[in-house]
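Take a look at the structure set out below.
The values are calculated or read from the model by the stated rules, or taken from the named source; none is laboratory data. What you are looking at is a predicted structure, and each value in this text was computed from that prediction instead of being measured. Here the Cβ is made from the backbone with ideal geometry for all residues, glycine too, and neighbour counts use every protein chain on show.
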Amino acid sequence: MDQALSIITVCYNDLENLKQTINSLDEQSVQQFEHIIIDGHSGDGTIDFLQQLEVKPGRSFISQKDQGIFDAMNKGARLAKNRYLWFLNAGDLSYEKETIQKIYSKIESQSKEFDLISFKVLCKAENLEYFYGSKLKRKSLLVDMPFCHQGVIINKNIFRRFEYNLDYSIIADFVLVESIARSNGPYMHFDIPIAVYDLGGISSTRHDLELRERFTFVKKEYQGVKLVRATVKLLFIGIKYFSIKLSKSIGIYHFLKKIQLALKITAHQP
């Protein structure tokens, strides 16, 4: 089996979550992969833990200050030796013990290399769980991507051409995917889950900053009809964020979310 995958894990003062991520990879049925851990010079015992970690072929780490998560992810990508990059940061887990085996099976079933390969991710948020990830439609990629970065395998060469844009602290993953999509390289989606992502409680402050970054990107990169379409879509996203904030304030957010998930499940039943 060709060792095609470099897995990059970024962490900063997040030792317990880092341990979970490492354990999920150590339990993989296939161990032919590179694992690069990029620590932001943590002060919570992470460095001591990494220094005492069992030596394994392909596992390495560095610990140094950075400009944030996307800067650290760029550093990891520059160190990678294999063809494809998978960013699985502290707290992110592989979906099952056969995940990497299944990724390799999908890669090897194709006759060519891809710039981007997407999968599903099991998302966990405030006592709710749902699968997220669908095929990328290049023409409709305006302000958001239809999958999480944990569900994306990126060709190392195309990544190094664009990298994460450090002008954006939240939407740099979208900006990267949008840049790759505009280059019109080969892309493939597989409808299987490969990761578990715990969203935690995303704050309204983060939503506000994310919306501002998206407006900044749209005004800078789009023109004409595309600019109008993207702006309208962002307005609807703004309304959605406001509705979430309102429903949480009056205590009905979880009730509405459960109804939404139940409707999705019913719609997919035969």
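See the values below:
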| read-out | value |
| --- | --- |
| Among (1) within 26 Å of residue 119 (Cα to Cα); (2) more than 20 Å from the chain's Cα centre (by Cα); (3) aliphatic (A, V, I, L, M), the one test that residue 53 misses | (1) |
| Single residue of segment 19-43 satisfying the filter (out of contact with any Phe, Trp or Tyr (no Cβ under 9 Å at 6 or more places or on another chain) and part of a loop (DSSP other than H, G, I, E, B)) that is farthest from residue 99 (Cα to Cα) | 43 |
| Residue check for residue 72: in the same structural domain as residue 159 (by TED's automatic domain parsing), within 25 Å of residue 166 (Cβ to Cβ), aliphatic (A, V, I, L, M) and not in a helix (DSSP H, G or I) | no |
| Residue in segment 79-96 that is at pLDDT 95 or above, in contact with a Cys (Cβ under 6 Å, 6 or more places away or on another chain) and either outside any loop (DSSP other than H, G, I, E, B) or assigned by TED's automatic domain parsing to the domain that holds residue 46 (or both) present | yes |
| Within segment 124-140, tally of residues that are crowded, with 16+ Cβ neighbours inside 10 Å and assigned to a loop (DSSP other than H, G, I, E, B) | 2 |
| Residue 168 vs. criteria modelled with pLDDT under 75, over 26 Å from residue 95 (Cβ atoms) and touching a helix residue (DSSP H, G or I) at 6+ places or on another chain (Cβ under 6 Å) | no |
| Evaluation of residue 212 against (1) more than 30 Å from residue 21 (Cα to Cα); (2) surrounded by 14 or more Cβ atoms within 10 Å (Cβ to Cβ) (one fails), failing number | (2) |
| Counted residues, segment 107-139 - those being closer than 23 Å to residue 21 by Cα, among the basic types (Lys, Arg) and modelled with pLDDT under 95 | 1 |
| Residue list for segment 20-34, filter: hydroxyl-bearing (Ser, Thr, Tyr) and surrounded by 16 or more Cβ atoms within 10 Å (Cβ to Cβ) | 21, 24 |
| Subset of segment 108-123 (residues that are loosely packed, with under 15 Cβ neighbours inside 10 Å and assigned to a loop (DSSP other than H, G, I, E, B)) | 109, 110, 111, 112 |
| Flag if residue 102 is assigned by TED's automatic domain parsing to the domain that holds residue 27, of a type in the set (D, E, K, R) and under 22 Å from residue 18 (Cα atoms) | no |
| Options 20, 31: the member that is more than 21 Å from the chain's Cα centre (by Cα) and of a type in the set (S, T, N, Q) | 31 |
| Test: residue in segment 166-181 that is more than 17 Å from residue 145 (Cα to Cα) and not hydroxyl-bearing (Ser, Thr, Tyr) | yes |
| Meets criteria (modelled with pLDDT under 95, in a helix (DSSP H, G or I) and closer than 25 Å to residue 40 by Cα) for residue 174 | yes |
| Any hit, segment 181-199, residues being in a helix (DSSP H, G or I), assigned by TED's automatic domain parsing to the domain that holds residue 147 and either surrounded by 14 or more Cβ atoms within 10 Å (Cβ to Cβ) or under 15 Å from the mean Cα position of the chain (by Cα) (or both) | yes |
| Segment 35-50, subset of a type in the set (Asp, Glu) and under 20 Å from residue 68 (Cα atoms), residue surrounded by the fewest Cβ atoms within 10 Å (Cβ to Cβ) | 44 |
| Residues that are among the acidic types (Asp, Glu) and free of Cβ contacts under 8 Å to residues at least 60 places away in the same chain, drawn from segment 112-165 | 129 |
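Matching residues to (1) modelled with pLDDT of 75 or more; (2) within 24 Å of residue 172 (Cα to Cα):
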position: 185; (1), (2): yes, yes
position: 207; (1), (2): yes, yes
position: 213; (1), (2): yes, yes
position: 240; (1), (2): no, yes
position: 259; (1), (2): no, no
